[in-house]
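Below: one structure, written as structure tokens.
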Amino acid sequence: MKSFLTQLRHPANARSSSYGDAKPDIVSRLPFELHVLILPYLGEAGVDSGLSVCRSWRRIWLSEEIWPKLARQWYPGLEEYIRMSIVDDGQDAGDMFRKALHKIQRRRSGRFTSALHYDMCVESDQFFTMSKGVPTSEGGVHAYSDVDGLEPSFGKHYPRFMIYKNGRTAWWPEAYVLPYFAIVDDLRTRKRRAYLFPNRQGETHGFRTAMGDKLFIMARGRTLHAWHLELDLHRSTEVSEDIVRCITEGETALIITKYAEIFLWRFGQEPQHIDVTGCYEKGLLGTAQLHEFIPGHYISHNPGSRLLHSGTLLDFIISPTEENVFFIITFTSNPLRELRVEEIRDGKRIKTYSLERSKWSDLIIEPVDFTNLRWEKVDSYGGYCLMQAIFQTPEDSNPATIREPSCRSLGGNLVSVCFNIYTKTFTIPHYHQKEIHSHQSVYQIWNSRICVSDANSLRGFILSHQPCAGTSPRHDDSRSTPFYTTVPNKRNGLLKRQRVPLEEDESGMELIGADFALDPSPQPHRPPVNSTNVDPPLVPGVRRLVGDDDFMLLVVGESYTAWSFGNEIPADGGRSLWRNLVR
């Protein structure tokens, strides 16, 4: 049945037939009960392809009797996320599942629609257009000449990439000299917004920053300024203590103060103090120090907080679908070593979810020590990575005790502890790729895949791998890993995808079982987006790998390469530059 449906894949340039155009095909005439039994075995990619074959298949497969079962089996939390995201009766939950499934498969395949290599700069930028929607009196910047220290006579600038969220990048033209001046670039609209902290009174240190899908935040002392990225509005608020951390999701922000007090703030409203009694013992709060599991290799660019008197690690997650709901994450030090997630709803703690070390000791090889706590989204439907650690597998260890039968014997071992805010469950995926263990490697976990880029390899390719534990299918070692590079697109000035052959000895990386490989290096003679010529991105500097269903970015020093997996960025005059290619 699976091979039969694969042969029926609908051509990308053909029109879907209407219900009256043709007689029902053999699949549509199957009893409904058989559809329910067959589809889970067809697999995610097969169902995604089948939904493009004809409308009758789509009508059956996206019915309320089928799609929730597929969502629960393949993507725990997606069903709950979809139902909570419905805001009016006109939205179809089955079609929302179809779109989510297609996005996931598109990213997993590596078949990007377009790519862009960009050098973060202000003087010669021609790609992004400056927005003047926010008045200068409210922190909006309309011209770079208005910012002291950005004059051409100031000399070379040292930009620093900071945050990626929802198709936007936030970076600092002068991260150390001007930490109160930030730029937010929107990859979907090519619009640039620049912000200065209002009335900073000459202060140059102590600024806290956060960005979500709707708000960009800068805070210092007891004052917080927020700019709405969709409405171009500015609002500010104050709390009773110095602010040490901000977290934002939607139009909501959590404000954490010097002595671990929490305020919940909605854009344009007054902050609400939250009673955290029973969650943790309040005290002086500091930043959890980045722990070096490997010399020179840092685990996180977004460390959580630490209660200095007790050593308890502390972090927070805001629900993206429910108002006044957030989660407090704590990890206690010896001897308990317990990870807890407290659910806070309408200002009150309603439930605690815990993972004691004794419950995961059989899944984690000692001596692995999680000395850092921070959250990072690992999918778009409620999954968050809370903790990670990397270690080398002992040479004398028994591989059968640490790997699934489908895992190959590799040296690097990444252990992630994840939590889904909709299913309220913990998972501990393992990844065994030798590239993870390099001092110069960066990686991102997204949709149960890990993308890894190793600067020590010959060309720094990006590889996508499945986890090596849990319910993941066995690697298909007979399948050739698709390798994609980029070539100039003369029609629109960006870069388009091209598949090329690649031998394993050319890359210096483990290709067997990988979903795909990407070449992040600019091709010879290809012009960058900016007018200035630049070296390929594989140069010493800060490296980050970030993204979501729509984009993936590899940041190296003062530049980044972005791959779009959708039709996202409009060209001048409203035409789309990032067009969907034939699947």
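The values are calculated or read from the model by the stated rules, or taken from the named source; none is laboratory data. It should be emphasised that the depicted structure is a prediction, and the values quoted were computed from it without experimental measurement. With ideal geometry, Cβ positions are generated from the backbone for all residues, glycine too; neighbour counts draw on all protein chains shown. The protein model used for the area step is the full one, side chains on, heavy atoms only, and it has no ligands, DNA or RNA in it. Shrake-Rupley method; radii C 1.70, N 1.55, O 1.52, S 1.80 Å.
Within the stretch 171-181, the set of residues being surrounded by fewer than 21 Cβ atoms within 10 Å (Cβ to Cβ) and not in a loop (DSSP other than H, G, I, E, B) comprises TRP171, GLU174.
Yes/no per residue for (1) at pLDDT 95 or above; (2) open to solvent by 10 Å² or more (accessible area, probe 1.4 Å); (3) at positive phi; (4) of a type outside the set (Phe, Trp, Tyr):
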| residue | (1), (2), (3), (4) |
| --- | --- |
| ILE262 | yes, no, no, yes |
| TRP265 | yes, no, no, no |
| GLU270 | yes, yes, no, yes |
| HIS273 | yes, yes, no, yes |
| GLU281 | no, yes, no, yes |
| ALA288 | no, no, no, yes |
| HIS291 | no, yes, no, yes |
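When every residue of the stretch 184-205 is checked against the conditions, at least one turns out to be under 26 Å from the mean Cα position of the chain (by Cα), open to solvent by 60 Å² or more (accessible area, probe 1.4 Å) and polar (S, T, N, Q). Residue pairs whose Cβ atoms lie under 6 Å apart, sitting 6 or more positions apart in sequence or on different chains, and linking a residue in the stretch 259-279 that is in contact (Cβ under 8 Å) with a residue 60 or more places away in the chain and under 23 Å from LEU307 (Cα atoms) to a partner that is open to solvent by 10 Å² or more (accessible area, probe 1.4 Å) and assigned to a loop (DSSP other than H, G, I, E, B), are ILE274/GLY347. On the stretch given as the stretch 235-255, residues that are closer than 23 Å to GLU322 by Cα and either charged (D, E, K, R) or in contact with a helix residue (DSSP H, G or I) (Cβ under 7 Å, 6 or more places away or on another chain) (or both) total 4.
Name the single residue that is nearest to LEU314 (Cα to Cα) among those in the stretch 230-245 being outside any loop (DSSP other than H, G, I, E, B) and at pLDDT 95 or above. Checking each candidate, the answer is ILE243.
Taking (1) of a type in the set (Ser, Thr, Tyr); (2) open to solvent by 20 Å² or more (accessible area, probe 1.4 Å); (3) at pLDDT 55 or above in turn, TYR384 satisfies each apart from (2).
Would you check which residues across the stretch 211-234 are open to solvent by 10 Å² or more (accessible area, probe 1.4 Å) and out of contact with any helix residue (DSSP H, G or I) (no Cβ under 8 Å at 6 or more places or on another chain) and list them?
ASP213, LYS214, ARG220, GLY221, ARG222, THR223, HIS225, GLU230, LEU231, ASP232, LEU233
Close contacts from the stretch 493-505, counting a first residue that is within 21 Å of PHE565 (Cα to Cα) and open to solvent by 50 Å² or more (accessible area, probe 1.4 Å) and a second that is at pLDDT below 70 and of a type in the set (A, V, I, L, M), with Cβ to Cβ under 7 Å and a gap of 6+ residues or different chains, come to ARG497/LEU581.
Name the residues in the stretch 83-117 that are touching a Phe, Trp or Tyr at 6+ places or on another chain (Cβ under 6 Å) and either β-branched (Val, Ile, Thr) or surrounded by 20 or more Cβ atoms within 10 Å (Cβ to Cβ) (or both), would you? Break it down stepwise before answering.
Let us first name the residues in the stretch 83-117 that are touching a Phe, Trp or Tyr at 6+ places or on another chain (Cβ under 6 Å), namely 94, 97, 106-107, 110, 112-115.
Hits for the stretch 83-117 are PHE97, ARG107, GLY110, PHE112, THR113, SER114, ALA115.
Note on the stretch 246-260: among residues that are assigned to a loop (DSSP other than H, G, I, E, B) and closer than 24 Å to LYS377 by Cα, the one that is most open to solvent (accessible area, probe 1.4 Å) is GLU251. The residue pairs whose first member lies in the stretch 299-312 and is over 30 Å from VAL452 (Cβ atoms) and open to solvent by less than 10 Å² (accessible area, probe 1.4 Å), whose second member is at pLDDT 90 or above and part of a loop (DSSP other than H, G, I, E, B), and whose beta carbons are closer than 9 Å, counting only pairs six or more residues apart or on different chains, are LEU307/ALA260; LEU307/TYR280; LEU307/GLU281; LEU307/LYS282; LEU307/GLY283; LEU307/LEU284. Summed over the stretch 264-286, residues that are of a type in the set (Phe, Trp, Tyr) and farther than 20 Å from SER354 by Cβ total 2.
Let's see how each residue does on (1) free of Cβ contacts under 8 Å to residues at least 40 places away in the same chain; (2) touching a Ser or Thr at 6+ places or on another chain (Cβ under 8 Å); (3) not in a strand (DSSP E or B):
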| residue | (1), (2), (3) |
| --- | --- |
| GLU80 | no, yes, yes |
| ASP89 | yes, no, yes |
| ASP95 | yes, no, yes |
| ARG98 | no, no, yes |
| ARG107 | no, no, yes |
| ARG111 | no, no, yes |
| CYS121 | no, yes, yes |
